[in-house]
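Novice: Sharing a structure, written as structure tokens. Questions coming.
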Amino acid sequence: MAIITLTTDFGHKDHFVGAIKGTIYNELSDAKIVDISHSISPFNIQECAYILKNSYKAFPPGTIHIVGVDSEPTVENKHIAVYVDGHFFISANNGVISLITSEIKPEKIVEIHIPNPVHGSFPVLDVFVQVACHIARGGKLEVVGKPFEDLKLLKEFSPRVINDGNTIVGSVIYIDNYGNVISNIQRSLFEAYRNGRNFEILARNKKILTIYNKYSEIIDFSQDKSKRKGPGDLLALFNSAGYIELAIYKSDLNTVGGASTLLGLDYRDTITINFL
Amino acid sequence: MAIITLTTDFGHKDHFVGAIKGTIYNELSDAKIVDISHSISPFNIQECAYILKNSYKAFPPGTIHIVGVDSEPTVENKHIAVYVDGHFFISANNGVISLITSEIKPEKIVEIHIPNPVHGSFPVLDVFVQVACHIARGGKLEVVGKPFEDLKLLKEFSPRVINDGNTIVGSVIYIDNYGNVISNIQRSLFEAYRNGRNFEILARNKKILTIYNKYSEIIDFSQDKSKRKGPGDLLALFNSAGYIELAIYKSDLNTVGGASTLLGLDYRDTITINFL
Amino acid sequence: MAIITLTTDFGHKDHFVGAIKGTIYNELSDAKIVDISHSISPFNIQECAYILKNSYKAFPPGTIHIVGVDSEPTVENKHIAVYVDGHFFISANNGVISLITSEIKPEKIVEIHIPNPVHGSFPVLDVFVQVACHIARGGKLEVVGKPFEDLKLLKEFSPRVINDGNTIVGSVIYIDNYGNVISNIQRSLFEAYRNGRNFEILARNKKILTIYNKYSEIIDFSQDKSKRKGPGDLLALFNSAGYIELAIYKSDLNTVGGASTLLGLDYRDTITINFL
């Protein structure tokens with residue numbers, strides 16, 4: 001039995017997630033349902049894509065991912081089911097799929113048409129769950145829709161390489177639970193232009209000259225504890241998702257604050273790298 | 001094996017939910033436990049009822065619902081197990097059951113008496129879990145309690161129809177993850193008194209003349225994008241639970257705000273419908 | 001198949017928990033994964049220990065507990081796997097294990113060494129999940145590490161008994177979802193020194209003379225409702241975890257407030273008991 005994952009902006013209080021799980025178990029008593037996140041900022045496609053992009057591959061091939069963000073169908077936001085990279089995604093055609101699988105061409109996309117659809121305000125329950133159960137039972141995509149080619153492309157947040165390859169201008173695409181700020185500059189892009197040069201990372205009025213592979217590399221453990229850097233110091237990191245991240249060592253948004261609050265960085269703000 | 005659902009005000013941080021799940025798995029290694037919500041506002045029976053009322057039916061018949069809100073037993077708040085509408089509920093007799101199943105007469109109610117009860121401050125673990133496991137193993141309600149008839153009735157939040165059927169005075173019963181405001185006025189009541197007439201919905205200083213079936217109906221897609229209504233506009237909706245809801249299109253409580261914050265509407269505030 | 005529990009400070013929004021679950025299901029398709037908490041305050045070892053200490057025993061023997069708080073390995077924070085009290089814990093050697101199992105000597109501790117380790121910033125995924133799956137498949141601890149004896153001991157928050165046994169000076173170790181304040185004074189310590197005497201509990205400028213076994217014992221149900229104590233009154237309680245707790249009856253941090261906010265009590269603040 002395939003796994004069905006849920007990624008939504010429904011939050012953890014309302015009845016929506018419970019109703020979805022009950023309906024799935026009602027159809028498939030041995031279903032395996034996994035919550036990826038229900039705390040996407042409402043209607044935030046970019047955030048949703050970052051989270052799914054960095055978690056879907058961990059699941060076994062054939063996993064079915066329900067994407068419940070901005071899912072109400074309109075003439076400009078059709079329901080689609082996509083098979084790409086060995087995984088199924090059920091979503092509205094709002095750009096999220098193109099952001100998740102930007103480097104991979106989908107093998108199959110259908111526009112969803114199910115019999116006797118409910119035209120209400122809870123399409124994740126009324127439509128996506130039905131399609132997910134169909135796929136989980138081994139059903140083909142062709143049965144729940146017709147071929148579709150007009151996948152909405154969102155690419156607005158790519159970093160720009162300017163100044164003859166001496167500068168990369170990126171932007172903030174995600175702020176995590178610790179307030180760490182994730183840029184859209186991937187390690188691969190950084191290394192492609194670096195050519196062994198020194199560099200400076202500029203964000204607001206801060207300058208950083210080193211990128212670590214893990215947070216604790218900021219600490220020199222050969223020093224006496226009283227002389228070490230510690231909680232509250234700013235660092236840059238290639239994070240586990242492969243992006244350049246600005247972090248406060250051992251940050252806590254509720255106490256010392258995180259990179260987002262201490263640097264005043266928000267979504268779409270600029271992070272610049274100059275090669276020297 | 002029956003499903004056991006959990007609806008509590010325990011939140012997501014403390015050890016309570018983990019301890020409950022561990023105990024259930026210890027008794028029933030193949031149990032299927034589903035979180036409906038742990039984010040009920042503390043001791044808020046109305047909120048708990050709204051969430052359970054709109055999710056329990058999605059689960060298969062025979063599902064066991066543990067209701068962990070205001071569950072400490074007193075002489076005025078006895079522990080009960082109820083079989084109604086094909087589902088089991090284990091709860092304190094605090095009114096929540098009457099709100100969930102207001103239109104359906106319970107088939108069986110018992111006051112819970114288990115051997116060697118623990119008289120502590122965690123009755124959901126000490127009592128409800130034991131009863132749930134008993135039912136999940138196919139045990140009868142009569143074994144864990146004696147027949148009980150004094151189900152506490154809560155009905156205070158029914159809308160009033162006044163002015164010779166020309167006005168419905170409702171109130172706010174729930175505010176969802178998006179800040180959307182749900183009234184206690186059901187579509188069926190509205191339609192019963194409308195008789196094809198025009199109407200106005202009044203909430204604070206706002207007046208609404210239309211009720212949609214989905215949020216995006218506020219958008220006229222034949223218009224140029226620059227001229228359309230959009231995120232931030234107020235609308236009324238028959239929501240997926242059948243209630244009249246006031247919503248801000250594509251609201252986000254953390255940015256543009258929701259209907260609750262923008263209109264200043266809170267629990268129990270009045271929403272009036274005048275038929276014209 | 002053993003249960004694998006997760007206790008982390010990852011929060012509920014990011015991709016971390018989804019990626020962990022996907023990876024486990026990819027290795028063990030019939031794994032049973034239980035979230036204990038993902039809302040530990042970042043890097044807060046004491047909080048993590050309180051939550052795990054009060055939930056792990058509920059799970060069946062052989063359960064595998066992944067502890068994802070302050071888990072980045074350094075020369076001073078090695079990765080360990082511990083078998084103690086019939087349970088497995090996978091953690092960094094940051095003191096959390098000593099706090100959880102302070103009264104029980106671990107049967108086996110190994111320092112984790114897995115082949116081809118990833119040295120990144122997501123060791124819970126890269127290391128702990130591998131070790132957990134190894135144990136879940138019935139593998140021995142010796143295979144993933146070498147014997148280790150240098151378990152970091154954290155004991156700083158023990159209460160002090162002073163004044164010839166007439167005074168216990170404790171401190172706040174946890175604040176729960178209701179804002180209730182949990183001290184590190186256990187019932188057993190309190191009873192050992194009480195000897196039937198009266199007592200006063202002092203916290204900030206408040207004095208409490210009674211300790212209840214459940215919250216509702218503050219109410220005298222023989223009184224008319226209008227004369228009773230009620231929501232908003234301060235009480236002391238032996239909580240379900242065996243600690244002395246200060247609580248506001250039916251508190252809600254979002255409305256009436258909790259003991260933490262109303263008394264101004266925070267982590268590490270002092271709670272004093274004088275025997276009279």
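The values are calculated or read from the model by the stated rules, or taken from the named source; none is laboratory data. Here the structure is a predicted model, which is why all the values come from computation and not from measurement. Cβ: placed from backbone, ideal geometry, glycine included. Neighbour counts: every protein chain shown. For accessibility, only protein heavy atoms count, side chains too; no ligands or nucleic acids. Shrake-Rupley method; radii C 1.70, N 1.55, O 1.52, S 1.80 Å.
Novice: Any residue in the stretch A:76-85 that is closer than 20 Å to residue A:118 by Cα, modelled with pLDDT under 95 and in a loop (DSSP other than H, G, I, E, B)?
Specialist: The answer is yes; a qualifying residue exists.
Novice: Ok, one more. With respect to residue C:104, is the statement that it is within 14 Å of chain B (Cβ to nearest Cβ), among the β-branched types (Val, Ile, Thr) and over 23 Å from residue C:1 (Cβ atoms) true?
Specialist: In short, no.
Novice: Residue check: is residue B:233 under 22 Å from residue A:74 (Cβ atoms), charged (D, E, K, R) and within 19 Å of the chain's Cα centre (by Cα)?
Specialist: Here the answer is no, as residue B:233 does not meet what is asked.
Novice: Next question, about the same structure. Can you find even one residue in the stretch A:210-223 that is surrounded by fewer than 16 Cβ atoms within 10 Å (Cβ to Cβ) and in contact with a Phe, Trp or Tyr (Cβ under 7 Å, 6 or more places away or on another chain)?
Specialist: Yes, the conditions are met somewhere in the stretch A:210-223.
Novice: Considering the stretch B:16-35 alone, what residues qualify as being open to solvent by less than 10 Å² (accessible area, probe 1.4 Å) and free of Cβ contacts under 8 Å to residues at least 60 places away in the same chain?
Specialist: B:18, B:22, B:34
One line per residue, one yes/no per condition, for (1) farther than 28 Å from residue B:15 by Cα; (2) β-branched (Val, Ile, Thr); (3) modelled with pLDDT of 95 or more:
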position	(1), (2), (3)
B:109	yes, yes, yes
B:114	no, yes, no
B:131	no, yes, yes
B:134	no, no, yes
B:139	yes, no, yes
B:147	yes, no, yes
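Novice: Right, something else. Looking at residue C:62 and the list (1) in a loop (DSSP other than H, G, I, E, B); (2) closer than 26 Å to residue A:12 by Cβ, which single condition is not satisfied?
Specialist: Among (1) in a loop (DSSP other than H, G, I, E, B); (2) closer than 26 Å to residue A:12 by Cβ, residue C:62 violates only (2).
Novice: Is it the case that the stretch A:247-255 has a residue that's in contact with a strand residue (DSSP E or B) (Cβ under 8 Å, 6 or more places away or on another chain) and in a strand (DSSP E or B)?
Specialist: So far as the stretch A:247-255 goes, yes, one or more of its residues are in contact with a strand residue (DSSP E or B) (Cβ under 8 Å, 6 or more places away or on another chain) and in a strand (DSSP E or B).
Novice: If only one of B:188, B:183 is closer than 23 Å to residue A:122 by Cβ, under 22 Å from the mean Cα position of the chain (by Cα), exposed (fewer than 13 other Cβ atoms within 10 Å of the Cβ) and not β-branched (Val, Ile, Thr), which one is it?
Specialist: B:188
Novice: Do you know which residues across the stretch C:198-209 are in contact (Cβ under 8 Å) with a residue 60 or more places away in the chain, open to solvent by less than 60 Å² (accessible area, probe 1.4 Å) and farther than 26 Å from residue C:49 by Cα?
Specialist: Once the filter is applied, which keeps residues that are in contact (Cβ under 8 Å) with a residue 60 or more places away in the chain, open to solvent by less than 60 Å² (accessible area, probe 1.4 Å) and farther than 26 Å from residue C:49 by Cα, the stretch C:198-209 yields C:199, C:200.
Novice: While we're here: Looking at (1) more than 9 Å from chain B (Cβ to nearest Cβ); (2) surrounded by fewer than 20 Cβ atoms within 10 Å (Cβ to Cβ), find the lone condition where residue A:51 falls short.
Specialist: Condition not satisfied by residue A:51: (2).
Novice: For the stretch A:222-231, indicate whether the set of residues that are farther than 28 Å from residue A:37 by Cα, in a helix (DSSP H, G or I) and in contact with a Gly (Cβ under 9 Å, 6 or more places away or on another chain) is non-empty.
Specialist: no
Novice: Among the polar types (S, T, N, Q), within 12 Å of chain A (Cβ to nearest Cβ) and in contact (Cβ under 8 Å) with a residue 12 or more places away in the chain - does that describe any residue in the stretch B:217-225?
Specialist: no
Novice: Does residue B:89 count as within 11 Å of another protein chain (Cβ to nearest Cβ) and either over 29 Å from residue C:257 (Cα atoms) or open to solvent by 10 Å² or more (accessible area, probe 1.4 Å) (or both)?
Specialist: No: the conditions fail for residue B:89.
Novice: Could you check the stretch B:264-276 and list, in sequence order, the residues that are closer than 13 Å to residue B:182 by Cβ and open to solvent by 20 Å² or more (accessible area, probe 1.4 Å)?
Specialist: If the condition is that a residue be closer than 13 Å to residue B:182 by Cβ and open to solvent by 20 Å² or more (accessible area, probe 1.4 Å), then B:266, B:267, B:268, B:269 are the ones that fit.
Novice: Could you list all residues from the stretch A:156-196 that are touching a residue at least 24 places away in the same chain (Cβ under 8 Å) and basic (Lys, Arg)?
Specialist: Within the stretch A:156-196, A:187, A:194 qualify.
Novice: On to the next question. Scan C:67, C:82 and give me the residue that is in contact with a helix residue (DSSP H, G or I) (Cβ under 8 Å, 6 or more places away or on another chain), crowded, with 24+ Cβ neighbours inside 10 Å and closer than 25 Å to residue A:251 by Cβ.
Specialist: Selected residue: C:67, the only one of C:67, C:82 that is in contact with a helix residue (DSSP H, G or I) (Cβ under 8 Å, 6 or more places away or on another chain), crowded, with 24+ Cβ neighbours inside 10 Å and closer than 25 Å to residue A:251 by Cβ.
Novice: Six or more apart or on different chains, Cβ atoms under 8 Å: show the pairs whose first residue is in the stretch B:70-81 and within 7 Å of chain C (Cβ to nearest Cβ) and whose second is open to solvent by 30 Å² or more (accessible area, probe 1.4 Å) and not in a loop (DSSP other than H, G, I, E, B).
Specialist: B:72/C:215
Novice: Please verify whether residue C:249 is surrounded by 13 or more Cβ atoms within 10 Å (Cβ to Cβ) and in contact with a helix residue (DSSP H, G or I) (Cβ under 6 Å, 6 or more places away or on another chain), treating the condition exactly as stated.
Specialist: yes
Novice: Looking at this structure, is residue B:10 within 14 Å of chain C (Cβ to nearest Cβ), modelled with pLDDT of 95 or more and out of contact with any helix residue (DSSP H, G or I) (no Cβ under 6 Å at 6 or more places or on another chain)?
Specialist: Taking the combined requirement at face value, the residue does not satisfy it.
Novice: Please give the number of the condition residue B:101 fails out of (1) buried (at least 18 other Cβ atoms within 10 Å of the Cβ); (2) under 22 Å from residue B:146 (Cα atoms); (3) at pLDDT 95 or above.
Specialist: Among (1) buried (at least 18 other Cβ atoms within 10 Å of the Cβ); (2) under 22 Å from residue B:146 (Cα atoms); (3) at pLDDT 95 or above, residue B:101 violates only (3).
Novice: Next up: Being within 7 Å of another protein chain (Cβ to nearest Cβ) and not hydrophobic (A, V, I, L, M, F, W, C) is the filter here; which residues of the stretch C:54-69 pass it?
Specialist: C:54, C:55, C:60
Novice: In the stretch B:120-161, what residues are open to solvent by 70 Å² or more (accessible area, probe 1.4 Å) and of a type in the set (A, V, I, L, M)?
Specialist: B:143, B:153
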